[in-house]
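The values are calculated or read from the model by the stated rules, or taken from the named source; none is laboratory data. Remember, predicted model here, so these are calculated numbers, not experimental data. Cβ atoms come from the backbone with ideal geometry, glycine included; neighbour counts cover every protein chain shown. Protein only, heavy atoms only, side chains kept; ligands, DNA and RNA dropped before computing areas. Shrake-Rupley method; radii C 1.70, N 1.55, O 1.52, S 1.80 Å.
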Amino acid sequence: MATAIFGAGCFWGVEAFFEKFEGVIATRVGFMGGHLENPTYTQVKTGETGHAEVVKVDYDPTIITYAELVNIFFEVHDPTSKNKQGVDVGHQYRSVIFYSDESQKFIGEEKIHEWNEKGTFKRPIVTEVVKLSTFYEAEEEHQKYFQKHGTVACGI
């Protein structure tokens with residue numbers, strides 16, 4: 001098993017999207033990249049903790065590759081929108097790939113270049129590629145939000 005961590009705006013919808021793919025074993029939503037230890041959803045949504053809302057994706061690399069997950073990441077949100085996804089605005093909704101090793105960093109950077117070259121988006125990709133830090137799991141009420149409520153309150 002391997003792990004990928006992505007920030008693509010509101011994590012409820014992003015988690016539900018990743019769960020659809022064969023090879024994705026588990027997902028958890030949480031926060032990464034800020035300065036406060038053990039932040040809560042209420043604290044992160046203010047934008048004052050520096051964290052991004054993220055989805056931790058545990059996957060089987062013999063079924064789905066990290067590169068394929070990065071492609072899915074670019075399909076699930078607008079990576080050209082800085083600190084904003086739909087109606088959600090703030091640094092906590094930034095587009096970010098948190099990498100665990102040089103291979104993930106290289107793939108993330110290469111995929112940004114590849115997607116920019118394809119011209120899929122009208123503007124350049126602003127996705128950050130950042131070394132992962134501590135993953136703080138969000139409260140249980142935010143896990144599997146789509147499954148629990150049949151909808152998400154944010155768009156993707």
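Among the residues of the range 88-132, what is the count of those that are open to solvent by less than 60 Å² (accessible area, probe 1.4 Å) and either under 15 Å from Phe73 (Cβ atoms) or in contact with a strand residue (DSSP E or B) (Cβ under 9 Å, 6 or more places away or on another chain) (or both)?
Qualifying residue count for the region: 25.
Please go through the range 86-142 and pick out each residue that is of a type in the set (A, V, I, L, M, F, W, C), touching a Ser or Thr at 6+ places or on another chain (Cβ under 7 Å) and touching a residue at least 60 places away in the same chain (Cβ under 8 Å).
Val96, Ile97, Leu132
Conditions tested, residue by residue: (1) small (Gly, Ala, Ser); (2) without any contact (Cβ under 8 Å) to a residue 24 or more places away in the chain; (3) touching a helix residue (DSSP H, G or I) at 6+ places or on another chain (Cβ under 8 Å).
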position: Ala8; (1), (2), (3): yes, no, yes
position: Trp12; (1), (2), (3): no, no, yes
position: Phe18; (1), (2), (3): no, no, yes
position: Glu22; (1), (2), (3): no, no, no
position: Phe31; (1), (2), (3): no, no, yes
position: Thr40; (1), (2), (3): no, no, no
position: Glu48; (1), (2), (3): no, yes, no
position: Val55; (1), (2), (3): no, no, yes
position: Ile63; (1), (2), (3): no, no, no
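Considering only the range 1-17, state which residues are closer than 18 Å to Ser81 by Cβ and touching a Lys or Arg at 6+ places or on another chain (Cβ under 7 Å).
Hit for the range 1-17 is Gly7, nothing else.
Would you mind telling me which numbered condition in (1) touching a Leu at 6+ places or on another chain (Cβ under 6 Å); (2) at positive phi Gly50 fails?
That leaves (1) as the condition not met.
Could you list all residues from the range 1-53 that are under 19 Å from Glu140 (Cα atoms), open to solvent by 10 Å² or more (accessible area, probe 1.4 Å) and among the small types (Gly, Ala, Ser)?
Scanning the range 1-53 gives Ala16, Ala26.
Inspect all residues belonging to the range 8-15 and state whether any of them is over 15 Å from the mean Cα position of the chain (by Cα) and farther than 18 Å from Gln147 by Cα.
First pass over the range 8-15, keeping only residues over 15 Å from the mean Cα position of the chain (by Cα): none.
No, that holds for no residue.
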